Amino acid sequence: MSSEQHRPDEFPLPDTPGNLPIVDSYLFDDLLPAEAAYALTAGLRAYREPFVGVTEDGTPRAGLYRLNGTGASPKAAVTAAETYLDGLAGHQRLVGNLPMDAAEWRLWTNAIPTWHPKGLRLERLAERDRDRALTVIEASLSPRGYAQVRAAMALNENLGELIDDYRDTLTEFAYWFTVFGTPSPDTPWGWQLMGHHVDLHCVFVAGQVVLAPVFLGAEPTIGTGRFEGVQALREETEVALRFRRILDRDREDEFLMGSSLRAGDLPPELAGPWNGRHLAGAGSDNLILPAEGVVAASLPAEQQEGLIALIRVYLDRLPLAQAERTLALVREHFGETRFAWRGGHDDVCAFYYRIHSPVLLVEYDNHPGVFLANPEPARYHVHTIVRHPHGNDYGRDLLAQHYRLHHGGREAG
């Protein structure tokens, strides 16, 4: 049996109730040890810093993203967002529909928030309004992308049931949904969905859809009990393994960062339980990350196509036309795209990988248990991150181009 399929009775459950200071989807960071508190408040500390974007050396490159779309925002998404907002009470809309330039775009966490978020918490909405919010997300993504999001949300509740703990926080709808700007086929707008293991930022601008940053994760990645059959992030795991297994062994010095994810085999900065190997999570909008790994364009054709197949797994969360457009942009920069791997590639080893292009950054990591009891990283706890380096997270580069062209450089209210 491969490690991608893990029997529910094999998940290591905690022997005692949890002692993280989490109540009703709020994390009291002042009750945490200093190191944990620092890691889990990164998003809150950094979101008001001037935005630069992820870069290799601190200097963003201009001209990577092109405002070449002439189409409108997807009609179904606009209609769904209008319907959702129109159904809210006035006080709800005031909190759940923020200006396009609101700082809260960059305020998110994959953990449990240590602040009271704006936006509306889905489980506090009437079922009709919650369904309308979900319809906005569904209309904005591909069917596969929406299914991934809903699976991760369902598995969050599965986790609460599995460990029978934190039942007021580990729920299917403990997520905050915010619409930014005025939904329109002609002017930029977007939305954010934020909570444990699910953080999406979707921006519509000039006929293009920007879906970044995205954090999707799950602990565990397959459902148990009444969630049996629910799966998340399987292709992100299996397609990566297929690609890793066809790479030439004599080139491992170009892409292999290390052969183990066990804490004792890692540098201390990569062995922590909160971020693991991830570098581009919440609070890392201005990350400086030198490119590492084998150059994609130097690989043989079969291996290049294997990497493209893996990139497609992440881009296929987008509507088809946008996924193809973004893939074409990635292909333009294949000579600067690098792939790196850490860990094993058999049926049991945990692993980390990174795809680093000037226009796309992907990270995948296996983690130790946070709520489950595995002390070392395992395949059934996955985190993934997608970003658009050099300033296009949150669609910022394309938005700046749009505002220069149509509003004299000022964001439209």
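Computed quantities for the displayed model
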{"read-out": "Surface/4 of the Cα convex hull for the range 1-147, nm²", "value": "14.9"}
{"read-out": "Heavy-atom accessible surface of the range 203-290: percent carbon and sulfur, 1.4 Å", "value": "47"}
{"read-out": "Accessible area (Å², per residue) of the chain, counting only protein heavy atoms and a probe of 1.4 Å", "value": "41"}
{"read-out": "Percentage relative contact order, the range 24-124, counting C-alpha pairs under 8 Å, at least six apart", "value": "50"}
{"read-out": "The range 145-280 - Debye-derived log10 I(q)/I(0), Cα point model, q = 0.13, 0.18 Å⁻¹", "value": "-0.79, -1.14"}
{"read-out": "Dipole of the chain [Lys/Arg +1, Asp/Glu -1 at C-beta], most positive-end residue of P290, T237, S25", "value": "P290"}
{"read-out": "The range 239-387: Rg to Rh, with Rh as the Kirkwood radius over Cα pairs", "value": "0.95"}
{"read-out": "Listed peptides 328-335, 213-220, 179-186 by packing density, highest first (mean Cβ within 10 Å)", "value": "213-220, 179-186, 328-335"}
{"read-out": "Dipole magnitude (debye, nearest 20) for the chain, charges at Cβ of Lys, Arg, Asp, Glu", "value": "1220"}
{"read-out": "Rg/Rh ratio calculated on Cα atoms of the range 118-178 (Kirkwood radius)", "value": "1.00"}
{"read-out": "Charge tally in the Cβ shell below 11 Å around E104, where Lys, Arg are +1 and Asp, Glu are -1, E104 excluded", "value": "+2"}
{"read-out": "Potential extension, R249-L13 segment - 0.36 nm per residue separation minus Cα distance", "value": "81.2 nm"}
{"read-out": "Nonlocal amide H pairs with H381, under 5 Å, H built at 1.01 Å", "value": "H367"}
{"read-out": "Förster-model FRET efficiency, 45 Å R0, N68 and E238, C-beta, rounded to 0.05", "value": "0.85"}
{"read-out": "Check: the range 96-136 dipole with +1 on Lys, Arg Cβ and -1 on Asp, Glu Cβ, in debye", "value": "60"}
{"read-out": "³J(HN,Hα) computed for each position of the range 371-381 - Karplus, 6.51 cos²θ - 1.76 cosθ + 1.60, integer Hz, glycine/proline x", "value": "9, 7, 10, 6, x, 10, x, 9, 5, 8, 10"}
{"read-out": "Over the chain: helical MRE at 222 nm, DSSP H runs n ≥ 4 each giving -39500 (n - 2.57), nearest 500", "value": "-9000 deg cm²/dmol"}
{"read-out": "Full-stretch length increase - F28, A309 - with 0.36 nm per residue and alpha-carbon distance subtracted", "value": "97.0 nm"}
{"read-out": "Residues of the range 275-299 with amide N under 20 Å of a point placed 7 Å along Cα→Cβ from S259", "value": "293-294"}
{"read-out": "Karplus-derived HN-Hα couplings along the range 246-262 (A = 6.51, B = -1.76, C = 1.60, θ = phi - 60°), whole Hz, x at Gly and Pro", "value": "9, 6, 6, 5, 6, 10, 4, 5, 8, 10, 8, 7, x, 9, 8, 9, 5"}
{"read-out": "Fraction of accessible area attributable to carbon and sulfur, the range 1-152 (%, probe 1.4 Å)", "value": "54"}
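The values are calculated or read from the model by the stated rules, or taken from the named source; none is laboratory data. Since this is a predicted model, take the numbers as computed values, not measurements. Don't worry about glycine lacking a Cβ; one is built from the backbone with ideal geometry, like all the others, and counts go over all protein chains shown. We work out accessible area using only protein heavy atoms, side chains counted, and drop any ligands, DNA or RNA first. Shrake-Rupley method; radii C 1.70, N 1.55, O 1.52, S 1.80 Å.
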